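To keep things clear, I will list the structure first and then write my remarks on it.
The values are calculated or read from the model by the stated rules, or taken from the named source; none is laboratory data. Source: prediction; values computed, not measured. FYI the Cβ positions are ideal-geometry reconstructions off the backbone, even for glycines, and counts take in every protein chain you see. Accessible surface is based on the protein model in full, side chains and every heavy atom, while ligands, DNA and RNA are left aside. Shrake-Rupley method; radii C 1.70, N 1.55, O 1.52, S 1.80 Å.
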Amino acid sequence: MMQYGYARVSTLGQSLDNQIQDLRDNGVLKKNIYTDKYTGTSTDRVGFQKLLDTLKSDDTLVVTKLDRLARNTREALNVLNELQDKNIKINILNLGIIDNSSIGKFTTTVLLAVAEMERDMIVNRTQEGKKYAKKHNPNYREGRRTRLTGKNKDKYPAIYEYKQSHTAEETAKAFGISVRTVFYVNSIFKDSGK
């Protein structure tokens, strides 16, 4: 009877740190935590597949939220059924233990459906906001700012120097890059001792 954890984020830029810390705070050993980061177009969950291959009868799977198990209601119900058929306990930290009773299954299905509806509403609101911004803001630009590539490393010293007397936001604006890139360039120079 082992306890395993699973943490997942939907995009490569998101952090797993909070989920991992919550799992560890609830008794899951670091070596027993499996993770995945993937984009909305990819459903290949290597970490989750390794976890499924590891779990045995009477083990417990711990996740922070129900929607971390899957991206939609159908996928989550399939995963839950598969785990319960193998006699694996499922502990959702913000809900508790998911049981295999009729009421437990009903409650889980309703919660998953509500979570999926909420995600769909967020996507719709985001799309409406973009549409409005395109129509009313002449400076609106969709997508990420241009990021410096390896071949533009000659700009790194100038960015670093400028950052010493300006904020990250001012530096990003001056060079037409993201704040994240400013911090990245700054970290390169700090790590190199320059």
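Miscellaneous remarks
- In summary, M2 fulfils each of the numbered conditions (1) within 30 Å of Y184 (Cα to Cα); (2) at pLDDT 90 or above with the single exception of condition (1).
- Cross-chain or 6+ apart pairs with Cβ under 6 Å, the stretch 162-179 first and free of Cβ contacts under 8 Å to residues at least 12 places away in the same chain and outside any helix (DSSP H, G or I), then open to solvent by 70 Å² or more (accessible area, probe 1.4 Å) and among the small types (G, A, S): none
- Among the residues of the stretch 1-50, those identified as in contact with a Leu (Cβ under 8 Å, 6 or more places away or on another chain) and open to solvent by 40 Å² or more (accessible area, probe 1.4 Å) are Q3, D22, N26, Y34, T35, K37, T39.
- Restricting the stretch 112-146 to residues that are part of a helix (DSSP H, G or I) and touching a helix residue (DSSP H, G or I) at 6+ places or on another chain (Cβ under 6 Å), the residue that is surrounded by the most Cβ atoms within 10 Å (Cβ to Cβ): L112
- Restricting N81, N94, N87 to those that are open to solvent by 60 Å² or more (accessible area, probe 1.4 Å) and assigned to a helix (DSSP H, G or I) reduces the list to N81.
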